[in-house]
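Data block below; observations after.
Read-outs throughout are calculated quantities, based only on the coordinates presented, and are distinct from any laboratory measurement. Source: prediction; values computed, not measured. FYI the Cβ positions are ideal-geometry reconstructions off the backbone, even for glycines, and counts take in every protein chain you see.
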């Protein structure tokens, strides 16, 4: 706070500067704990939920997140009650595992099913959860 006051800041501004400086050290410190991963997202018919979860787990994913989703694409809107909403399954994995999952989803489901799979680069702060 003293540095902020010496710099001509108001007491409130100096307090904010002190808080920001404190949080900056917290934000910078975990850099060693960060790990680059790939986020694989699969959007598919609800009926494929269990098969897809089994596939990603069998290929090395340690976890997944499932969300019920709706949308419209090249096959139109899936609006009937019995079809239900689509599922979106997200998992964070290494580049190698991401490639395997994407290739297998494409090979097994693209021809006859309404499935989308895409990948994005992400950075995760809890490195210990993903590297053992």
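Inside region 34-64, can you point out the residues that are part of a strand (DSSP E or B) and within 16 Å of the chain's Cα centre (by Cα)? Correct list: 35, 36, 37, 38, 39, 40, 41, 42, 43.
Residues of region 58-74 that are closer than 15 Å to residue 103 by Cα and without any contact (Cβ under 8 Å) to a residue 40 or more places away in the chain: 58 alone.
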